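Values in this text are rule-based calculations from the coordinates and carry no lab data. The structure presented is a predicted model; accordingly, all values stated were derived computationally and were not measured. Here Cβ is always computed from backbone atoms with ideal geometry, including for glycine, and neighbour counts include all displayed protein chains.
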Amino acid sequence: MEHKPDIVTVDIGLPDFDGIEVSRRIRTFSDAYVIIISRRADEADALMGFEAGADDYLIKPFRTRELKARVRAMFRRPRIIVPPASAARQARHGAALVPEILGSVAASDGARGIQQPAQPASKIDFAHRGLTLHEGTRQVAVDGVPVSLTRSQFDILLVLMENGRTIQTKADLVRRLRNEPYTTGTFVSAKEERAVEVQVSNLRKRLGENTRRPRWVETVHGVGYRMTP
């Protein structure tokens with residue numbers, strides 16, 4: 001994008017191109033927030049949008065105040081640029097490139113494609129079975145190799161690593177992504193919980209997790225998620 005926008009709105013019903021595909025292509029070279037606007041209220045369409053890299057899915061008709069509120073919520077999250085070189089490296093290793101909200105930065109030189117040394121131990125806030133996370137720089141590594149995560153994926157992983165073996169429900173994770181305290185008791189829809197399931201699934205793919213024998217993220221069926229022992 002020539003002008004490097006902070007936010008892009010995409011109508012899912014474009015006359016010459018599918019809005020879902022537009023979101024997917026934007027996400028290959030830009031970390032701009034993407035809001036899909038659609039008349040389709042079906043959950044499957046919304047999930048396709050999130051899987052294509054959208055940050056939000058807004059159903060027509062909507063009020064301008066609602067759009068502004070959603071934009072303000074997005075800007076409360078840090079905006080981190082993922083260098084193109086890191087995405088290429090992820091693709092070569094077979095990682096799933098399905099971003100929603102761009103998160104941590106792979107430690108590489110985006111301009112020259114030169115990988116930098118792994119983050120030093122002094123910068124590691126959490127470590128578990130070869131997985132390390134530094135909250136301040138939003139960096140994640142597996143066995144010393146940087147991993148690029150979306151914003152939501154990083155935030156979910158941070159919550160899980162902070163709480164260890166304490167189960168985090170899907171509603172807990174939804175509220176964390178909203179930047180709300182766990183105790184607010186605000187309503188969490190089934191669609192939002194399903195979106196978290198998609199986020200966790202994509203997080204596991206990025207980490208190279210074997211879902212049958214998880215190394216890091218454990219599913220507690222009917223409840224939520226927690227870190228493995």
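Of Lys4/Lys68; Lys60/Lys205; Lys68/Lys205; Lys68/Lys191, which pairs sit farther than 26 Å apart, going by alpha carbon to alpha carbon? Where the Cα-Cα span goes over 26 Å, the pairs concerned are Lys60/Lys205; Lys68/Lys205.
Each residue of the range 212-221 was assigned a 3J(HN,Hα) from its phi angle through the Karplus expression (A = 6.51, B = -1.76, C = 1.60, θ = phi - 60°), giving 6, 10, x, 8, 10, 9, 10, 8, 9, 4 Hz with x at Gly and Pro. Highest-first packing order for the peptide set 165-173, 33-41 is 33-41, 165-173, based on the mean count of other beta carbon atoms within 10 Å.
Geometric descriptor of the range 169-222, per residue, is 92 Å³ (volume of the convex hull of the Cα atoms).
Looking at the calculated P(r) for the range 7-75, what percent of the C-alpha pair distances fall above 20 Å?
Taking all Cα-Cα pairs of the range 7-75, the fraction more than 20 Å apart is 22 percent.
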